[in-house]
């Protein structure tokens, strides 16, 4: 494992980003699951994070940017599929080795340059070490935080994605791209 240097969000040039990858649990959610008496699982997502995804799509359209937005999750629960479908995000779930799956599904990726990864736990470490930029919530695993470029002041599922995207774009650009 390598320790990554902490940066400022200003160091990310969004025009050079070719892919943004999100883990799901602990990123879109607070990493907790509710289980009812029938064995049905549910999680809570923050709708404000959905606005950040919409703004990223608007950025792609405005600047004719070919930037993949993708969720890669170890979780097999259909909640990943449902949320990604609603947000119009490509997803691959039920994954053990996220880096291997990325390379197998995106043959043109030879290095991690131009890739941002939102991650939080040890199952993310191989992909985290591969990418150029990793952004983690404050409640991420210690090892993931040690290897992160950015550690948010927010926990996963608490508008962490939205705040990070706003910080990368700048609030003025974020608001402009929303409308």
**OP:** Enter the Cα centre distance for the pair the range 95-141 and the range 31-85, rounded to the nearest angstrom.
**Re:** 16
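Please compute the Kirkwood hydrodynamic radius of the range 10-96 from all pairs of different C-alpha atoms, in Å with one decimal.
Final number for the Kirkwood radius of the range 10-96 is 14.2 Å.
In whole percent, what relative contact order does the chain give with Cα contacts below 8 Å and a gap of six or more residues? Walk me through the numbers on the way to the answer.
Working: 317 pairs, mean separation 54.9, N = 179.
Relative contact order of the chain: 31 percent.
Nearest-5 percent of antiparallel DSSP beta bridges in the chain? Intermediate values should be presented prior to the final figure.
Values: 3 of 21 bridges.
The antiparallel fraction comes to roughly 15 percent.
Would you mind computing Rg(Cα) / (2.2 N^0.38 Å) for the chain, counting N as its residues? Present the calculation step by step, with values, prior to reporting the outcome.
Details: Rg = 15.4 Å, N = 179, 2.2 N^0.38 = 15.8 Å.
Relative to the rule-of-thumb radius for its length, the chain sits at 0.98.
How much mean residue ellipticity at 222 nm does the chain get from its helices, if each DSSP H run of length 4 or more adds -39500 (n - 2.57) and you divide by all residues, to the nearest 500 deg cm²/dmol? Present the calculation step by step, with values, prior to reporting the outcome.
Values: 7 runs with 63 residues, N = 179.
Rounded to the nearest 500, the figure is -10000 deg cm²/dmol.
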**OP:** Taking every pair of Cα atoms in the range 77-166, average 1/r, invert it to obtain the Kirkwood radius, and report Rg/Rh to two decimals.
**Re:** 0.95
**OP:** Note down the nm distance, to one decimal, between modelled labels 7 Å out along Cα→Cβ at residue 81 and at residue 155.
**Re:** 3.0
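The numbers here are math on the coordinates, done by the rules we state, and not lab data. Remember, predicted model here, so these are calculated numbers, not experimental data. Virtual Cβ from ideal backbone geometry, glycine too; neighbours counted across all protein chains shown.
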